[in-house]
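What follows is one structure encoded as structure tokens, with my remarks underneath.
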């Protein structure tokens, strides 16, 4: 009798474990992820971009371990080197490996970041002396608009702040990329974006700077993670591209545009499609494609020529 | 019954050695256990401790330490496997658990926990040998010139804790002897009585210490050595033993070799992201040296 009770208890426990998604081994495949490994703010590839099937127990770290030679520290939670390129301090500057999933910097370590399939993982080795935190980047386009981030798909709220025709262009581009774009709420008006929607601000910098997330750019890359700044007003406005050290490196004149991403606290990422003037905004709107944004933290444009930021 | 870890005077080299020599010798083994994660070196340290313990006649303490160490090691392995979700080789998925979140058991987390557990076992063996072979009174006496008050406190604790435990046993026996009809003796009542007795004893001890001049300045170290270290077997007049040299040498050689070997890459174990166990010639040489160091307490005429 006692044996039978024990057997029933074990069977119930096993059934409960099976129902809770338990099992032996790494589990079933849940989809494919892309892996990009670069150095120096995406300037040089370290590994050829690849796609990898992931299973239900996979994390960012496990995928990286499968596809590259890595060394870890602090109990396997911190990537020390990828393919021999090691975290280091040189000439008083600190170099480390950082990762983005769907263009958003993670708040947890790679070993604790679960994957659900469809994510774009980007590891970059960079000098972080000027900005330790770069909360969002544009280089995983069309992510995070396609799959969202943190394992949840998000809607996209395009906020037209004097962007004019560029707003429509941005909406069209996002819709074609497969994003769930929220309905337009009126010209030159802030849309009633859903809670947790990814915002895309479109308009000249003089308008965008009133937004608290966008205004972080004026506090430097250590606050916004964007290596760009704006100087002057009106016809004399200039876009300044900053170098890796956070200092002005290149000045862009009239017609200059910027595509960048930032994030304020835990709010969803905010993309900025802006420029020193209307022509700049339209030029920036034209950059929203894989060819122009791939593996870049932010991009400036002037006269049809794109410059990755930070300026190297 | 005496605890397996209680000091038992024996005519062994480790027992005769001065506390400093014994501490350096066993401390070097413990230091190596904390310095290295390679299982081979940890096993060598455990073997050295076991060998030293058996040669010093403390086999019972070694066995008790081994069991105690295993009792500590097993939960470490289990908890590490459940809490740490790192490592590339997922063996089992246990779903979402309250507090733990998603639990995946990986081979790497088990190996990492096993190394922690092995370290706990090895350190327990070294402490077991120390406890059974090194006279605590001599250790405290050696400490007295350096930290008089701490030594006095430690002496009182090491005396009064066993006395209090014996008191508790006596009170429990007395409670049982009241007969089956008597109400059971509650823990609160027992603790109250023990506390009262301890306070009485503490006042007596304080008065005795006062009468013996413990509130005065401590005598100089040389006077202390002369007063408290009468010549005994295997010891010279100044408290040193003829065995001290070998224990200092063994401890020193083990420690220096461990540091040198570590710089040569002898600690080739990594649990994450995949288990890597590199056994270099330096690892093998160091392990052999450590096991040999376990022979230090050996005496031709026991």
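Any residue that is part of a helix (DSSP H, G or I) and touching a residue at least 12 places away in the same chain (Cβ under 8 Å) - is there at least one of those in the stretch B:83-94? Yes, the stretch B:83-94 contains at least one residue that is part of a helix (DSSP H, G or I) and touching a residue at least 12 places away in the same chain (Cβ under 8 Å). Could you check, for the stretch B:146-163, whether at least one of its residues is outside any helix (DSSP H, G or I) and at pLDDT below 85? The answer is yes, given that some residue of the stretch B:146-163 is outside any helix (DSSP H, G or I) and at pLDDT below 85.
Here is a yes/no grid of residues against (1) farther than 18 Å from residue A:293 by Cα; (2) touching a residue at least 60 places away in the same chain (Cβ under 8 Å); (3) within 14 Å of chain B (Cβ to nearest Cβ):
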{"site": "A:33", "(1), (2), (3)": "yes, yes, no"}
{"site": "A:39", "(1), (2), (3)": "no, yes, no"}
{"site": "A:47", "(1), (2), (3)": "yes, no, no"}
{"site": "A:57", "(1), (2), (3)": "yes, no, yes"}
{"site": "A:63", "(1), (2), (3)": "yes, no, yes"}
{"site": "A:78", "(1), (2), (3)": "yes, no, yes"}
{"site": "A:91", "(1), (2), (3)": "yes, no, no"}
{"site": "A:96", "(1), (2), (3)": "yes, no, no"}
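Only one of the numbered conditions (1) surrounded by fewer than 22 Cβ atoms within 10 Å (Cβ to Cβ); (2) more than 16 Å from residue A:278 (Cβ to Cβ) is not met by residue A:228, and that is (1). In the set (1) modelled with pLDDT under 95; (2) under 28 Å from residue A:106 (Cβ atoms), the condition left unmet by residue A:271 is number (1).
Note on the stretch A:126-236: enclosed strands (runs of 3 or more DSSP E) holding 2 or more residues that are without any contact (Cβ under 8 Å) to a residue 24 or more places away in the chain and closer than 23 Å to residue A:311 by Cα are A:228-231. Checking each residue in the stretch B:77-101 for being surrounded by 15 or more Cβ atoms within 10 Å (Cβ to Cβ) and more than 14 Å from chain A (Cβ to nearest Cβ) picks out only B:77.
The values are calculated or read from the model by the stated rules, or taken from the named source; none is laboratory data. These numbers were taken from a predicted model, which means no experiment stands behind them. Cβ atoms come from the backbone with ideal geometry, glycine included; neighbour counts cover every protein chain shown.
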